[in-house]
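J.: Below: one structure in structure tokens.
The values are calculated or read from the model by the stated rules, or taken from the named source; none is laboratory data. Note that the structure is predicted; figures quoted are calculated from it, not measured. Cβ atoms come from the backbone with ideal geometry, glycine included; neighbour counts cover every protein chain shown. Note: areas computed on protein heavy atoms with side chains; ligands, DNA, RNA excluded. Shrake-Rupley method; radii C 1.70, N 1.55, O 1.52, S 1.80 Å.
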Amino acid sequence: MTAQTQSLLTGRFIVLCLCGVFYFMSLGLVYPVLPGFVENDLGGGPVAVGLAVGGFGLSAAIARPLVGPLGDSKGRRFLVVWGCVLAGFGILGNLWVASVAVAVLFRLLTGLGEAAYFVGIAAAAQDMAPEHRRGEATSYFSVTVYSGLAAGPIIGEQLEGAVSADAVWMLGGSLCALGTVLGAMSMPGRPEGAQSGWPTTFIHRPAIRPALLLGLGLMGYSGFLAFIKLHVDDIGFAHSGAVFATFAVMVIGLRILLARLPDRLGPQRTSTLSYVFSATGLWVIAFWQQIPGVFIGTAILAMGQTFLFPALFVLAIQSAPVNRRSQAIGTFSIAFDLAVGLGGLILGGVVEVSSYSIAFFAGGSLSLVALVVSRTLVRPQLEVSY
């Protein structure tokens, strides 16, 4: 079989995608439930909500440089299985939470699991892909991510209303258990040329610049995740799961229909469009404080976020050999964790002194900051580097 005829959609790759759907569904369950749980059940304010929702990103960011080399030496299966286990315990731990501090601790545990899981499954997807179909594999993998994140919030919101928040935590833990089984079935072991022991460095330096561009582009989106539920409650809409689903369905549809667009436009033009649409979407939500404004702004934000990750992810992957691929992904994905953690915390502070609308405006402004950085400080060096 030649490289050009090698199949991507094998049985193992499909099981890998199912593993991603169930795992990310477990994370999605939490988003519409946790903010109200922290605010109403635990008595936390906006900063506490932002920290509880985004706190997992901080612990994941710290863990990424460690789990990356671990995935190269122990194998992708090791990271995926243990990542599911830790994330599952982090979600189930909410059954026993009685204070904001304990809620944050369990969220940090979820972040440790997320660090291991994402690096493992993203590297495995690239391992299974033929050389000339890596971008396509990234698109399919990202569709599974957003499919889980689309279904999760709807299920979580409905389950909380029909039963309780405890039922949400239990379902989340169960989905992580299912992900553990599927991960053990589908993930490859140690990559070819894997080295034993720890590397001399934990950071893959060529992945830093695309990581910086990704992190800046995700800051406003992290505020959307943390506060859109409470914002729509304020304007009298009780179905925030539909807002999360709108975002995810838009991303899924665009990535399937326009999967080759980032390759055709290149990373600079793709990221520019992403930043502009992200800023516009968040500003629509900020200034059009009615239900149509929420959905239209969410759709525009989704257009902005759709292609940022695929374009920059391929740059990071291309910079690493197979036996350092997990390390490159670990370095690159730190940006996602820091953006979610710091973005939620920073915009939570904005909410504390102003309002949700001002926080969304600030998030959109951060996307413009990302555009300026990408065009003036980082992008010229990035193009030369690659």
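J.: Per residue, what volume in Å³ does the Cα convex hull of region 47-156 take up?
T.: 111 Å³
J.: For LEU105 and TRP288, compute 0.36 nm times the residue count separating them, minus their Cα-Cα distance, and round to one decimal in nm.
T.: Computed gain between LEU105 and TRP288 is 62.3 nm.
J.: Rounded to a whole number, what % of the accessible area of the chain do carbon and sulfur atoms account for, probe 1.4 Å?
T.: Of all accessible area on the chain, carbon and sulfur atoms account for 67 percent.
J.: Also, I was wondering about something else. Would you mind working out the accessible area per residue for the chain, using a 1.4 Å probe, and quoting it in Å²?
T.: Computed with neighbouring chains in place, this is 38 Å² per residue.
J.: Using the basic label-point model (7 angstrom from Cα toward the beta carbon), what is the GLN268 to VAL249 distance in nanometres?
T.: 3.8 nm
J.: Out of THR110, HIS239, TRP288, whose Cα points farthest toward the positive end of the dipole of the chain (charges: +1 Lys, Arg; -1 Asp, Glu; placed on Cβ)?
T.: With unit charges placed on the Cβ atoms, the residue in question is THR110.
J.: Sticking with this one: What does the accessible area of ASP127 come to, in Å² to the nearest 10, when a probe of 1.4 Å is used?
T.: Only protein atoms counted, so the area is about 50 Å².
J.: Karplus couplings for region 109-125 from phi (6.51 cos²θ - 1.76 cosθ + 1.60, θ = phi - 60°), rounded to Hz, Gly and Pro as x?
T.: Result, rounded to whole Hz: 5, 4, x, 4, x, 4, 4, 5, 4, 5, 4, x, 6, 5, 5, 4, 4.
J.: Right, next: Bins of 20 Å, beginning at zero and ending with the bin holding the largest distance: percent of Cα pairs per bin for the chain, please.
T.: 31, 61, 8, 0
J.: Need the full-extension length gain, ASP166 to ARG12, defined as separation in residues times 0.36 nm minus the C-alpha distance. One decimal, nm.
T.: Once the chain is fully extended between ASP166 and ARG12, it gains 52.1 nm.
J.: Given the -39500 (n - 2.57) contribution per DSSP H run of 4+ residues, what per-residue ellipticity at 222 nm results for the chain, rounded to the nearest 500 deg cm²/dmol?
T.: Counting only the DSSP helices, I get -27000 deg cm²/dmol.
J.: Give the relative contact order (percent, whole number) for the chain; include only Cα pairs under 8 Å separated by 6+ residues.
T.: That works out to 28 percent.
J.: With point charges of +1 on the Cβ of Lys and Arg and -1 on the Cβ of Asp and Glu, referenced to the Cα centre of the chain, which listed residue (VAL38, LEU214, MET128) lies farthest in the positive direction of the dipole?
T.: MET128
J.: Moving on to the next point. Please list 170-179, 79-88 highest first by mean number of surrounding beta-carbon atoms within 10 Å per residue.
T.: 79-88, 170-179
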